[in-house]
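> Following this message is one structure expressed as structure tokens.
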Amino acid sequence: MSYLHFDKTLMINLEESLPREILRTNKSGAYHCTTIVDCNTRKYHGLLVIPVPNLDDENHVLLSSLDETVIQHGAEFNLGLHKYQGNHFSPNGHKYIREFDCEHIPATTYRVGGVILRKEKIFVHHENRILIRYTLVDAHSATTLRFRPFLAFRSVREYTHENSQASRDYQLVENGIK
């Protein structure tokens, strides 16, 4: 039994889960830091934060978060969780978390209706890259997983607002996007 294992009871209680943070680093100076329910509550939180020595020698949040939506029978279940002013949270995806384990690789297991989905975050050691592996453990019918990345490219000392000039282009590759 891992001491870095949390069950649904703790995960759905935001007073208990939000103060618990996870920090993963790699040898290139990049890091991933957020709460155990994947809700960024601090400026330095992000899914992929890297040093940018050519710019200003500060760490920059490149990928703030990645919202996943499970779609089954036309119904959408957003697994994301974001904190807004006034202590408001939306969309409340933490209610689908079944467990979180961080003994070796941070892994979150979600249960949405007849779907059990496992998400693992893996850092590449000498590159500014994070890999996210999704495993559909169980599904009783056809299931689609939709992703919505929240790109930031900002210093960890600043907040940012929507940048409509940012390129939203992507390329489909086998089993994913690039």
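Please treat every number below as a calculation from the coordinates, not as lab data. None of the values given here were measured: they were computed from a predicted structure. Positions of Cβ are backbone-derived with ideal geometry, glycine not excepted, and every protein chain shown enters the neighbour counts.
> At q = 0.08, 0.18, 0.19, 0.20 Å⁻¹, what log₁₀ I(q)/I(0) does the chain have when each alpha carbon counts as one equal point scatterer in the Debye sum?
For the chain, the Cα-only Debye profile gives -0.25, -1.35, -1.49, -1.60.
> Let me ask you something else. Cut-off 10 angstrom, C-alpha nodes, Gaussian network model of the chain. Which of ALA139, ALA30, ALA75 fluctuates the most?
ALA75
> List the lysines whose alpha-carbon lies under 19 Å from that of LYS178, not counting same-chain residues fewer than 8 positions away?
LYS119, LYS121
> Moving on to the next point. Place +1 on the Cβ of every Lys and Arg and -1 on the Cβ of every Asp and Glu in segment 5-177, take the dipole about the Cα centre, and give the residue among TYR159, ILE12, LEU47 whose Cα lies farthest towards its positive end.
ILE12
> Counting Lys and Arg as +1 and Asp and Glu as -1, each charge on the Cβ, what is the dipole of the chain about the Cα centre in debye, to the nearest 20? Walk me through the numbers before you get to the answer.
Values: 21 positive and 21 negative charges, 22 e Å.
Rounded to the nearest 20 debye, it is 100 debye.
> Rounded to the nearest Å, what's the spacing between the alpha carbon centres of segment 123-178 and segment 1-56? Just the number, please.
Distance between centres, Cα-based: 16 Å.
> Per residue of segment 73-80, what does 6.51 cos²θ - 1.76 cosθ + 1.60 with θ = phi - 60° give for ³J(HN,Hα)? Whole Hz please, x for Gly and Pro, Karplus curve as stated.
Calculated HN-Hα couplings, in order: 6, x, 8, 10, 10, 7, 8, x Hz.
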